[in-house]
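The block underneath contains the structure these notes are about, expressed in structure tokens.
The values are calculated or read from the model by the stated rules, or taken from the named source; none is laboratory data. Not measured: the values here are computed from a predicted model. Note that we place each Cβ from the backbone using ideal geometry, even for glycine, and neighbour counts take in every protein chain shown. For accessibility, only protein heavy atoms count, side chains too; no ligands or nucleic acids. Shrake-Rupley method; radii C 1.70, N 1.55, O 1.52, S 1.80 Å.
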Amino acid sequence: MSIDTLMLDVYCERAGAAGLWAEPVNALTNLAFIVAAVVVGLRLARAPGLGWRNGGDLWLLALLLAVIGVGSGLYHTFATPWALLADVLPITLFINVYLLAFGWRVLGLRWVDLPLLWLGYQAVSFGLVAGVGADALNGSVGYLPALAFLVAFAWWLHRSRHPMWRTMVLAAALFAVSVTLRTLDPVVCGWLPVGTHFLWHLLNALLLFLLLDGLLRHGRD
């Protein structure tokens, strides 16, 4: 079997089965990302003065939100290495673009300071993965830096009495639950054949919508 056709069997729902529809629930729940992206896109289209020139980061994030749904859907149908890349790359891009957009629109950082925020996240992310291994917690360890930054941002916003603090607290709580559910997926296979990974999709679609909504309502132009 070539690397292009190698099947990646890592979730309860597939359980060794081949075929495009071996993970129907995991595949179809990715529609939640696309629905969230459409809602954000409609809100952006109605927002005065948020065109590509001064709202390009928000439009890019909305587009990446839709691509996350498509990429994850490909992974949970084809389950091949190339589909894994289609799943992972849009998520990675979204995290990095959102970090910079949040730094600019909410934290009020200057353009010269944004690289420091980005480098700080990369240092935490690569350091953690190198220290404990990328496969730890069923591969969820790579998301812990994002969770840590959400918690830190929630704390800072609350302390600063920024109007987005409630949104960020809810986002951090949702992500903590979704990461836990992603981690538990192989543990529950014996009594829950569908697993818990589909809940990771649904909660994260809501999470990413909330994060973008927060930028729209509380971020500076």
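Summary of values
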| item | result |
| --- | --- |
| The chain - accessible surface per residue (Å², probe 1.4 Å) | 50 |
| Of Gly19, Gly131, Gly56, the one that fluctuates the most in a GNM where the chain has Cα springs shorter than 10 Å | Gly131 |
| Hz values of 3J(HN,Hα) by residue in region 161-170 - Karplus curve (6.51, -1.76, 1.60), Gly and Pro given as x | 6, 6, x, 8, 5, 5, 4, 6, 4, 4 |
| With every protein chain in place, region 22-75: carbon and sulfur % of accessible area (1.4 Å) | 76 |
| Highest to lowest packing among 178-189, 208-219, scored as the average C-beta count within 10 Å | 208-219, 178-189 |
| Angle in degrees between helix 52-78 and the longest Cα principal axis of the chain, rounded to the nearest 10 | 10 |
| Accessible area of region 77-198 belonging to carbon and sulfur atoms, whole % at 1.4 Å probe | 75 |
| Expected 222 nm ellipticity per residue - DSSP helices of 4 or more, -39500 (n - 2.57), all of the chain, to 500 | -23000 deg cm²/dmol |
| Tilt relative to the chain, helix 197-218 - C-alpha long axis, 0 to 90 degrees, to 10 | 10 |
| √(5λ) per eigenvalue of the Cα gyration tensor, the chain, largest first, Å | 31, 19, 16 |
| Vicinal HN-Hα couplings computed from phi for region 80-97 (Karplus, 6.51 cos²θ - 1.76 cosθ + 1.60; Hz; Gly/Pro x) | 10, x, 5, 5, 4, 5, 5, 7, 6, 4, x, 5, 4, 5, 4, 4, 6, 5 |
| Shape call, region 97-221: gyration tensor on alpha carbons, a/c limit 1.5 | oblate |
